Amino acid sequence: YNFTEINITGDNKIGYRIKSRLLAETEKENSNLVIIKINLNKIKSIKEKNISNEITKYEMRINANVEYEILSKSIKNNFDISKKGDYLVMSKHSDTLSNEKNLINLLSTTISEEILSKLASIINDL
C-alpha cells in the first residue's frame, strides 16, 4: 500500500511517531492508494498508591480510531486500537518523565505496527 494522505488528530507527539512509522513502511510504487485518518486519545490515570497515599504507579492508555479509504477498490471503513501500559513514579521527577516517555514510545510503536498489519490483512483479503 501507498499512503497518499495521513491525517492525525489528538496528541501531537504520539501522532508524529505513528505517522513517521507509517510513512517509513509505505511502498511508493504500489497501486493500492490509501487515505488514513487517525484520531488519538491519551488517558493517564493513577494505578497504585502507597500507604502514605503517594502515587507510585501510573497507567497510560492510548486509543486510536483509524478510518481508512482504499482508493483503488473504493473501500471505506474503520477500526479501533487500544493499548495500555504502566510506569513507575521515581524519586526524581525527570526519571518519572523518562519512564512516561519510554512507555509512550513503546505504545505508539505497537499501535503503528498493528495499523500496518491490519491494513495489510485487509488489502490481502481483497
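Summary of values
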read-out: Which numbered condition Asp86 fails, given (1) more than 15 Å from Lys42 (Cβ to Cβ); (2) assigned to a strand (DSSP E or B); (3) not hydrophobic (A, V, I, L, M, F, W, C); value: (1)
read-out: Criterion: surrounded by 12 or more Cβ atoms within 10 Å (Cβ to Cβ), under 18 Å from the mean Cα position of the chain (by Cα) and either touching a residue at least 12 places away in the same chain (Cβ under 8 Å) or closer than 24 Å to Lys101 by Cα (or both) - qualifying residue of Asn65, Asn2; value: Asn65
read-out: Per-region count, segment 68-99, residues touching a residue at least 12 places away in the same chain (Cβ under 8 Å), more than 21 Å from Leu22 (Cβ to Cβ) and among the hydroxyl-bearing types (Ser, Thr, Tyr); value: 1
read-out: Every pair of residues 6+ apart whose Cβ atoms lie under 6 Å, when the first sits in segment 100-126 and is in a helix (DSSP H, G or I) while the second is open to solvent by 30 Å² or more (accessible area, probe 1.4 Å) and among the acidic types (Asp, Glu); value: Leu116/Glu25
read-out: Failed condition for Leu97, given (1) hydrophobic (A, V, I, L, M, F, W, C); (2) out of contact with any Ser or Thr (no Cβ under 9 Å at 6 or more places or on another chain); (3) within 30 Å of Ile122 (Cα to Cα); value: (3)
read-out: Residues satisfying the stated conditions in segment 6-27, i.e. within 19 Å of Lys73 (Cβ to Cβ) and either in a strand (DSSP E or B) or open to solvent by 80 Å² or more (accessible area, probe 1.4 Å) (or both); value: Ile6, Glu27
read-out: Scan of segment 85-107 for residues that are exposed (fewer than 14 other Cβ atoms within 10 Å of the Cβ) and either among the charged types (D, E, K, R) or under 14 Å from Ile36 (Cα atoms) (or both), ordered by number; value: Lys92, Asp95, Lys101
read-out: Hey, Ile75 among the β-branched types (Val, Ile, Thr) and surrounded by 13 or more Cβ atoms within 10 Å (Cβ to Cβ) or not; value: yes
read-out: Count of segment 28-47 residues which are part of a strand (DSSP E or B) and open to solvent by 40 Å² or more (accessible area, probe 1.4 Å); value: 10
read-out: Some residue of segment 51-58 being open to solvent by 50 Å² or more (accessible area, probe 1.4 Å) and either among the basic types (Lys, Arg) or under 18 Å from Ile8 (Cα atoms) (or both); value: no
read-out: Residue count, segment 48-62 (criterion: closer than 21 Å to Ser112 by Cα and either in a loop (DSSP other than H, G, I, E, B) or in contact (Cβ under 8 Å) with a residue 40 or more places away in the chain (or both)); value: 2
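The values are calculated or read from the model by the stated rules, or taken from the named source; none is laboratory data. All values derive from a computational prediction rather than experimental measurement. For neighbour counting, all protein chains shown are included, and Cβ atoms are generated from backbone atoms with ideal geometry for every residue, glycine included. Calculation scope for accessible area: heavy atoms of the full protein, side chains included, ligands and nucleic acids excluded. Shrake-Rupley method; radii C 1.70, N 1.55, O 1.52, S 1.80 Å.
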